[in-house]
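Worksheet: one structure, shown below.
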Amino acid sequence: MSEQVIVSVENGIQKLTINRAEKKNALTQDMYAILADSLVNAETNPDIRVSVITGTADSFTSGNDLMDFLQNPAQDEKTPVIRFLNALAIIRKPLVAAVNGLAVGVGTTMLLHCDLVYASENASFTLPFVNLALVPEAASSYLLPKMLGHQRAAELLLLGEKFDAEKALRYGIVNEIVSAEDLEKTAMGAAEKLAAKAPEALRLAKSLMKGDGDKVLEQMKEEGEIFQSRLVSPEAREAMTAFMERRTPDFTKFS
Ligand code: COA
């Protein structure tokens, strides 16, 4: 089996490539663990000045593996998914995203924590939490209303419909849209520029800009507690079973 997250370090840049194309790069606990460890370990590794995260084939990531959600609903502090989300909130070294295709769920919410986000023309974004009878995660219920105002955040989080790269650019979720061929070059070029800068100044500048870190962690914790109880709810079971059975969920029996 090929590596599902490929980690490489070169010229001060750690590249994390999500590589499970046959499942649209859905993230399992093992994959989250590699991502979390890589981001956390980079903080103390002088050979790494910046990280880049990207996907493969037509997907950045289709979000959490839904089978994993059904089989392992635990979401406590020690689980890889929570370690990954916390890492996104606390890392001081820059993180650049190259969104090469589908960005579903955490595929979109992780972008709210990245410092620079480049998307290919064919990238698409979805926040389907409520469609899955879940609630938003990664502090997106705080960060999106702060960025966009309540109505546009509600459009993305409550309607949960797919939106394109143009809209993501307009909403300030991505910095730039480039062609699929230019995506890697653009993201790596930006990472190279960051890697050449004074590292402590970069870390301090990032920390100053992300002044509300405690609030972000607090919101993640609150979301996490509700998320965990939602995962075992009959509504969410119906939504995820419907996905597996390739049918529309039936929420009419719930009140
Ligand atoms: N978890 C588990 N498996 C997933 C997955 C996920 N998040 N996303 C895709 N897959 C699997 C599909 O089950 C399918 O597996 P199979 O070939 O064994 O049947 C394979 O990946 C290809 O997906 P498919 O649905 O056929 O591709 P598509 O191009 O028609 O649609 C998506 C792609 C991403 C829009 C669709 O798969 C989807 O909606 N996935 C769920 C996304 C989601 O809700 N994520 C959780 C966010 S909290």
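Data overview
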item: Whole-Hz ³J(HN,Hα) from phi, Karplus 6.51 cos²θ - 1.76 cosθ + 1.60, for the stretch 180-187, glycine and proline x; result: 4, 5, 8, 4, 4, 4, 5, 5
item: Where VAL104, VAL232 fall by accessible area, highest first, once all protein chains stay in place (1.4 Å); result: VAL232, VAL104
item: Length gained when the stretch SER8-LEU169 is fully extended (0.36 nm per residue, less Cα-Cα span); result: 55.1 nm
item: Lys, Arg +1 and Asp, Glu -1 on Cβ, resulting dipole of the chain about Cα centre, debye, nearest 20; result: 360
item: Average accessible area per residue (Å²) across the stretch 62-132 - probe 1.4 Å, nucleic acids and ligands excluded; result: 30
item: For the stretch 80-122 and the stretch 211-254, distance of Cα centres in Å; result: 20
item: Degrees between helix 213-231 axis and first principal axis of the chain (Cα, 0 to 90, nearest 10); result: 30
item: Under 19 Å from LYS253, Cα to Cα: aspartates and glutamates that are on another chain or at least 8 residues apart; result: GLU235, GLU238, GLU245
item: Principal-axis tilt of helix 234-244 within the chain, Cα atoms, nearest 10 degrees; result: 70
item: Length gained when the stretch LEU208-LYS193 is fully extended (0.36 nm per residue, less Cα-Cα span); result: 3.4 nm
item: Anchor LYS78: aspartates and glutamates whose Cα lies under 17 Å away (excluding residues fewer than 8 positions away in-chain); result: ASP30, ASP37, ASP68, GLU137, GLU218, GLU222, GLU223, GLU225
item: Estimated FRET transfer efficiency (HIS150, GLU218; beta-carbon r; R0 22 Å; 0.05); result: 0.70
item: Counting DSSP beta bridges with both ends in the chain, the antiparallel % (nearest 5); result: 30
item: In Hz, Karplus ³J(HN,Hα) per residue of the stretch 149-165 (6.51, -1.76, 1.60; θ = phi - 60°; x = Gly, Pro); result: x, 4, 5, 6, 5, 5, 4, 6, 8, 8, 6, x, 8, 5, 10, 9, 5
item: Proportion of all alpha-carbon pairs of the chain beyond 25 Å (%); result: 41
item: Spin-label pair PHE254/ALA33, simplified geometry with 7 Å Cα→Cβ offset, distance in nm; result: 3.1
item: Per residue accessible area of the stretch 5-51, 1.4 Å probe, in Å²; result: 45
item: Per-residue SASA entry for THR56, accessible area with 1.4 Å probe, Å² rounded to 10; result: 30
item: Set of lysines with alpha-carbon distance to LYS162 below 18 Å, sequence-local pairs under 8 removed; result: LYS24
item: For VAL178, distant residues with modelled amide H under 5 Å away; result: ALA119, SER120, GLU121
item: Positive-end residue of PRO136, MET147, ASN41, charge dipole of the chain with Cβ unit charges; result: MET147
item: Fraction of accessible area attributable to carbon and sulfur, the chain (%, probe 1.4 Å); result: 54
item: Mean separation of Cα contacts under 8 Å, 6 or more apart, over the residue count of the stretch 2-180: relative contact order %; result: 19
item: Estimated vicinal HN-Hα couplings, Hz - the stretch 65-77 in sequence order (Karplus 6.51, -1.76, 1.60; Gly, Pro = x); result: 4, 5, 5, 4, 4, 5, 8, 10, x, 4, 9, 7, 3
item: Built amide H within the under 5 Å cut-off of GLN14, gap 5+; result: ARG49, VAL50, SER51, VAL52
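The values are calculated or read from the model by the stated rules, or taken from the named source; none is laboratory data. Since this is a predicted model, take the numbers as computed values, not measurements. Neighbour counts are summed over all protein chains in view; Cβ atoms, including those assigned to glycine, are modelled from backbone coordinates with ideal geometry. These area figures cover heavy atoms from the full protein model, side chains too; ligands, DNA and RNA do not enter into them. Shrake-Rupley method; radii C 1.70, N 1.55, O 1.52, S 1.80 Å.
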